[in-house]
Amino acid sequence: MQKTSAIPPTDEAVVRAIAGGDQESLRVLNQRYGHALAAVAERMLGDRADAEEVAADVLWQAWRQAGAFDSSRGSVGAWLMMLVRSRSIDRLRARAARTLRDDPAEPVDSPDASLEIHSNQQRRVVQAAIATLEDNERSVLEMAYYSDLTQSAIAERTGLPLGTVKSRIRSAMIKLREGLKSLGD
Amino acid sequence: MEALGTLDGEDARAMAAHLAEGCDECQAELRSFREALTAMAISTAGDGPADRIWQRLENRLAVGGAAPAASTLINDRPSARTPNRAERPGVSRSWRIATVAAAAAAIGFAVLSGNYVSQIATMRQEDSVRIAALSRQARTLASELEDRDRELAALHDQISVSGQLTQAMLAPDSRIIRLGPLPPAPDSTGVVAVTPSGNHAVLQVAGLPPPPPGKEYELWWIGSKSGPLRAAVFAPTAHGDATVASTLPPTGEQLLASAITLEPAGGLDKPSGAMYLKGAP
């Protein structure tokens, strides 16, 4: 990878370079996603050290299996986020005593600083999309995303009817997707 | 729900079967939901350093992950849920533990095997270098030993000849011929002891210059009738000394003199070179 390039390489180009054995590209991928991966894992596991270990596991898996990445199945970010959720869920299931936080639906404060991978405009779009969600939609969606709970388990935990859980999650995801459509334009 | 992985047992199986049939519309929707959830997760995570994560990765790279693995199927889904949920098929705890232990053992074995293979290869390379060096040293020592053996054999010969010289000089019938220096070797001296009863003659010289390459000294008996006869061919030591056995002078003939000349290596039947020492009985 050419470090002197004025235009940063795309995520797909970074992954291709990783598949070729470029360690510097792995460092770039960590710079772009390492913190976010750890944050998602911490949200799910409730432990920063475990979360960083999971983030390292995911990036290590990306390093080992970059050649198998298929962009037709989704973006690099979606791939990594799917991996971090999977690895975090694996870790949760491996724990003898589950350490889910008392209220996993409680959202964390979003820092004002922008992600490297997102311009300020993109970040505003995402936050605006999230802002369109009703509070109860957002809490159920985040509970579903950041935990290892099925929709039935969420219903049981929240005391909501299963149908309500399903409809809130679906409604939240549709609003989120619609709000983010401009990012793909 | 599939995008979140929160579908319950029967719903999850039905969705998986439907997606496996290749429904493009649902696949596209699934992708779009996943991208939306990813954007939400990244935006919520905010920004921050990832130095400690990189340190962990660097450690792994140092241990043995210098190169990515060949393309393999990506396991981007979590393992099966725990069996304490009624709606899911059960998997025994012992099996999970055994599976995890086996996987950990396999990973550990793979890492250790990689390290050991690398270490063994390095050790074998170092051993090869040591063996080659020891072989060279052994050849040098063997060569030096052969030189020492030759020197020892020469010393034995010299002692033996010196003993013969002593016997010859002490024998009652011995004849001593002293050799005087000539211009090519003015500092040289020599003596020949002839003992007919012992059937041997011995020459001892000192102060002879080292012969040029391809040359040796030759001792002659000079008889009254036959003239010069070949007696011995020799090369002195680096100090110009030599003690050598020679043939006996011709019998039945008067010995007029004995002389030493410089001749081609191996000697000649008749003298051709310069005379270095000469003496008469």
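Between the C-alpha center of the range A:126-167 and that of the range B:1-60 there is a gap of 16 Å. Peptide B:188-199 shows a mean partner chain C-beta count of 0 within 10 Å per residue C-beta. Solvent exposure of A:S152, expressed as accessible area, is near 40 Å², computed with a probe of 1.4 Å over the protein chains only. Summing charges over neighbours of B:L141, with a neighbour being any other residue whose Cβ is under 13 Å away from its Cβ, gives -1 when K and R count +1 and D and E count -1.
Neighbouring Cβ atoms from other chains, within 10 Å of the Cβ of residues in B:25-35, number 4 on average.
For the range B:4-9, putting each phi into the Karplus relation 6.51 cos²θ - 1.76 cosθ + 1.60 with θ = phi - 60° gives couplings of 8, x, 10, 5, 7, x Hz, in residue order, rounded to whole numbers and with x for Gly and Pro. A Förster distance of 45 Å, applied to the separation of the beta-carbon atoms of B:E58 and B:L141, puts the FRET efficiency at 0.40. Partner shielding of A:169-178 amounts to 4, given as the average count of beta-carbon atoms from other chains within 10 Å of each residue beta-carbon. Largest first, the residues A:R91, B:R124 sort by 1.4 Å accessible area into B:R124, A:R91. For the range B:171-279, the C-alpha radius of gyration sits at 0.99 times the compact-globule guess of 2.2 N^0.38 Å, with N the residue count. In order along the range B:130-136, phi translates into HN-Hα couplings of 5, 4, 4, 5, 5, 5, 4 Hz, rounded to whole numbers, per the Karplus curve 6.51 cos²θ - 1.76 cosθ + 1.60 with θ = phi - 60° and x for Gly and Pro. Take the Cβ-Cβ distance between A:E178 and B:R124 as r, set R0 to 45 Å, and report the resulting FRET efficiency rounded to the nearest 0.05. It comes out at approximately 0.10. Other residues with beta-carbon under 14 Å from the beta-carbon of B:Q158 carry, at +1 per Lys or Arg and -1 per Asp or Glu, a net charge of -2.
With the highest mean first, a sort of the peptides B:163-172, B:148-157 on other beta-carbon atoms found within 10 angstrom per residue produces B:163-172, B:148-157. For B:L179, the amide hydrogen comes within under 5 Å of the amide hydrogens of B:G190, B:V191, B:V192, counting only partners 5 or more places away or on other chains and with H modelled in the peptide plane.
The values are calculated or read from the model by the stated rules, or taken from the named source; none is laboratory data. Please read all numbers here as calculations on a predicted model, not as lab measurements. Because the Cβ atoms are built from the backbone with ideal geometry, glycine has one as well, and the counts that use them run over all protein chains shown. Just so you know, the surface numbers come from the protein's heavy atoms only, side chains and all, with ligands and any DNA or RNA stripped out. Shrake-Rupley method; radii C 1.70, N 1.55, O 1.52, S 1.80 Å.
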